[in-house]
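First up is the structure itself, then whatever we jot down about it.
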Amino acid sequence: MKREKQPAKVSYFFGPGWKNLGEFTKIFWNLNRDDVRKRQKKFESGMGVMSIRGVANLISCFMLILFGTAFFVIISGAVSVILGIAYIIVYILFFIVWLTDRIYLLRKRIFVACPNCKEKYLIPTYRCPNCNRKHTRLTPGKYGAFYRTCECGEKIPCHFLTKRGSLAAECPNCGYSLSGTETVPICVPVIGGRSAGKTAYITAFVYEFIEKVAPRNGLRIRHYNQKMTTFYNQEIKEDYLHGTTRMTKTENDISQASTKAFNFMVGSDKFSPERLVQIYDVAGESFIDNTENEEQLQYKYCQGIVFMIDPLAIPMARNHMDEKISEVDKNSVGTMDMDIILDAFMNKLRQITGKSVDKVISTPIAIVISKGDIKTLSSFIGEEVISDYMIKHELSMDSYMDVQDKIIRQFLNDNGMAGFVNNIDLKFKNNRYFICSAIGHTREAGHYNPKGVLEPMEWIFQKADPAMKNAWNEHKFGNN
Ligand SMILES: Nc1nc2c(ncn2[C@@H]2O[C@H](COP(=O)(O)OP(=O)(O)OP(=O)(O)O)[C@@H](O)[C@H]2O)c(=O)[nH]1
Ligand SMILES: [Mg+2]
Ligand SMILES: [Zn+2]
Ligand SMILES: [Zn+2]
């Protein structure tokens, strides 16, 4: 790894200390040498007369060289050994401090996932709050254990205990301003074909989570930055309250990211540090055509995936529904073949992970059928069907989500999607089926009235994070 020089002062034990020891030895040696020289001079001045004093001087000069040097070697040796041991102890202490920081980051699963370029880091680039200089490796080391002194003189924290995460940070790869560093990210991409209902789902989930789930479970929400606060107030809330959706724009400017992340921090008395919920939305078009501008690295480290299926894009299912379906709904169908969507996704995964086709993936994937408000759909996989099944088999309410999963699988198998269900089973060890309605009705017929949007995320959060499960646990999911 390239060890970039930091704009900070090297701590005493890693530079000045050794220099001081060297200087001490030199001064000590010079003293000794001066003494010898003095004697030598005295002897030389008395050379003419070979007096007793002259001989005595010669002897004392000789003794001085002998004992003086021996004395020098012993003393400077002893000083070096003692200081050396002291330094080693200090180094060990520094190493322990570094190790506690590293272990804390890794054990807590803290990292940074750049919402812009999608790169993942343990330590981002931090900025000095005084002079704005970049510190690329702000960890305990030769510049200091808990704090380091910036070239400008500012003392800045370099350990989690001294709150390094409170400094302004940016992505070392693309320079994007980061917030919520030193938190535990929960990254969830929402994928699917065109008009599958991804954006509507994210709108409904984010609003419901922030406005309802958080207050009733004692969770504290903090917006990521000003831009995200504005986005929440002006797009998410607006769309929610007016029952609208916006088609996700295909990003033509190649310097911009195709996949947009919406993120916010969640705090609770039940866990620490905060969780950073990061949800990714992509235009179905670029997803299918594989024309995203940036590498979709989030699929490699994400904690779960939401795969949206438009029920109207399933031809056999659509046949049942044709007469009763509204014009708006008919016109907002992304006529995509599910297998093409899955193939596009598998290709992306293979590209970024370099893993072979038949490698089983353990990331939880929630397969979510959208637009659950469409009438005929509920007669196959709606609440009543699930309740009837539970009564018939004398099951408790706790098994609701498991029955839903079972009934949707059956529905897909019966409607020409057995191959898809089978493929998901082969490729994803952790998969579960859900049905939701993000808007709750046809678009623009009143504010959102979502059903079933929380459950897929709750399942993913619970799978990803036991501490989060402890704080948000409103549904029971069996181990299927
Ligand atoms: N009836 C009904 N229609 C919905 C629902 N959610 C989405 N739709 C319809 O589906 C259309 C597409 O929804 P979006 O959320 O924009 O779909 P998307 O997957 O983000 O689509 P792209 O951004 O183009 O990839 C909307 O305009 C709505 O008409 C829902 O819960 N119920
Ligand atoms: Mg969209
Ligand atoms: Zn970046
Ligand atoms: Zn500075």
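The values are calculated or read from the model by the stated rules, or taken from the named source; none is laboratory data. This one's a predicted model, so the numbers in the text were calculated from it and none came from an experiment. Backbone-built Cβ (ideal geometry, glycine too); neighbour counts: all protein chains shown. In case anyone asks, the SASA skips ligands and DNA or RNA and just uses the protein heavy atoms, side chains included. Shrake-Rupley method; radii C 1.70, N 1.55, O 1.52, S 1.80 Å.
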Check W18, W29, W98 and return the single one that is open to solvent by 30 Å² or more (accessible area, probe 1.4 Å) and either assigned by TED's automatic domain parsing to the domain that holds R275 or under 34 Å from the mean Cα position of the chain (by Cα) (or both).
W98
Exactly one of (1) among the small types (G, A, S); (2) closer than 27 Å to P466 by Cα; (3) open to solvent by 60 Å² or more (accessible area, probe 1.4 Å) is unmet by S255. Its number?
(2)
Selected residue [among the hydrophobic types (A, V, I, L, M, F, W, C) and not assigned by TED's automatic domain parsing to the domain that holds T363] from F477, F434
F477
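Looking only at residues that are in a loop (DSSP other than H, G, I, E, B) and surrounded by fewer than 18 Cβ atoms within 10 Å (Cβ to Cβ) in region 143-168, which one is farthest from ligand 1 (Cβ to nearest atom)?
Initially, region 143-168 is screened for residues in a loop (DSSP other than H, G, I, E, B), giving 143, 145-146, 151-154, 158-159, 163, 167-168.
Among the residues that remain, those that are also surrounded by fewer than 18 Cβ atoms within 10 Å (Cβ to Cβ) are: 146, 151-154, 163, 168.
Details: F146: 46, E151: 47, C152: 46, G153: 50, E154: 45, K163: 38, A168: 33 Å.
Out of the qualifying residues, it is G153.
If I ask for residues that are closer than 18 Å to N422 by Cβ and either outside the structural domain of N422 (by TED's automatic domain parsing) or surrounded by 16 or more Cβ atoms within 10 Å (Cβ to Cβ) (or both), which ones from region 345-355 would you list? Give the steps one after another, and end with the answer.
To start, the set of residues in region 345-355 that are closer than 18 Å to N422 by Cβ comprises 345-346, 349.
Selection gives F345, L349.
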Being open to solvent by 20 Å² or more (accessible area, probe 1.4 Å), within 16 Å of ligand 3 (Cβ to nearest atom), of a type outside the set (G, A, S) and farther than 19 Å from G440 by Cα: is that true of Y301 here?
yes
Filter region 66-95 down to the residues that are under 20 Å from I27 (Cβ atoms), of a type in the set (A, V, I, L, M, F, W, C) and open to solvent by less than 80 Å² (accessible area, probe 1.4 Å) and list them by number.
A70, F72, I75, A78, V79, L83, A86
Taking the condition assigned by TED's automatic domain parsing to the domain that holds N430, in a helix (DSSP H, G or I) and either closer than 15 Å to G440 by Cα or within 38 Å of the chain's Cα centre (by Cα) (or both), does T376 pass?
yes
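Tell me the residue from D358, D425, D405, D373 that is touching a Ser or Thr at 6+ places or on another chain (Cβ under 7 Å) and acidic (D, E), please. Reasoning before the result, please.
Working: D358 fails: touching a Ser or Thr at 6+ places or on another chain (Cβ under 7 Å); D425 fails: touching a Ser or Thr at 6+ places or on another chain (Cβ under 7 Å); D405 fails: touching a Ser or Thr at 6+ places or on another chain (Cβ under 7 Å).
Of the residues listed, the single one that is touching a Ser or Thr at 6+ places or on another chain (Cβ under 7 Å) and acidic (D, E) is D373.
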Being without any contact (Cβ under 8 Å) to a residue 40 or more places away in the chain and under 14 Å from the mean Cα position of the chain (by Cα) is the filter; apply it to region 119-142 and report the residue that is surrounded by the most Cβ atoms within 10 Å (Cβ to Cβ).
I123
Mind listing just one residue for me: the one in region 121-142 that is touching a Lys or Arg at 6+ places or on another chain (Cβ under 8 Å) and part of a strand (DSSP E or B) and, of those, farthest from ligand 3 (Cβ to nearest atom)?
H135
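Give N173, N116 a once-over and let me know the one that is open to solvent by 70 Å² or more (accessible area, probe 1.4 Å) and either aliphatic (A, V, I, L, M) or not in a strand (DSSP E or B) (or both). Steps first, answer last, please.
Numbers: N116 fails: open to solvent by 70 Å² or more (accessible area, probe 1.4 Å).
Going through N173, N116 in turn, the sole match is N173.
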Return the pairs, sorted by first residue and then second, in which the second residue is among the acidic types (D, E) and at pLDDT below 80, the first residue lies in region 63-80 and is closer than 13 Å to R33 by Cα, the beta carbons are less than 9 Å apart, and the residues are 6+ apart or on different chains.
L64/D35; G68/D35
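Can you tell me which of D405, D465, D425 is of a type outside the set (K, R) and open to solvent by 20 Å² or more (accessible area, probe 1.4 Å)?
D425
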Of (1) touching an Asp or Glu at 6+ places or on another chain (Cβ under 9 Å); (2) open to solvent by less than 30 Å² (accessible area, probe 1.4 Å), N293 fails just (2)
Take the conditions in contact with a Leu (Cβ under 9 Å, 6 or more places away or on another chain) and either aromatic (F, W, Y) or surrounded by 20 or more Cβ atoms within 10 Å (Cβ to Cβ) (or both) and apply them to K371. Does it pass?
yes
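Select, from N431, N423, the only residue that is out of contact with any Cys (no Cβ under 8 Å at 6 or more places or on another chain), more than 21 Å from V403 (Cβ to Cβ) and in contact (Cβ under 8 Å) with a residue 12 or more places away in the chain.
Numbers: N431 fails: more than 21 Å from V403 (Cβ to Cβ).
Just one listed residue meets the conditions, N423.
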Please work out which one of (1) open to solvent by 60 Å² or more (accessible area, probe 1.4 Å); (2) assigned to a loop (DSSP other than H, G, I, E, B); (3) touching a residue at least 40 places away in the same chain (Cβ under 8 Å); (4) more than 16 Å from ligand 1 (Cβ to nearest atom) is the condition R222 fails and give its number.
(2)
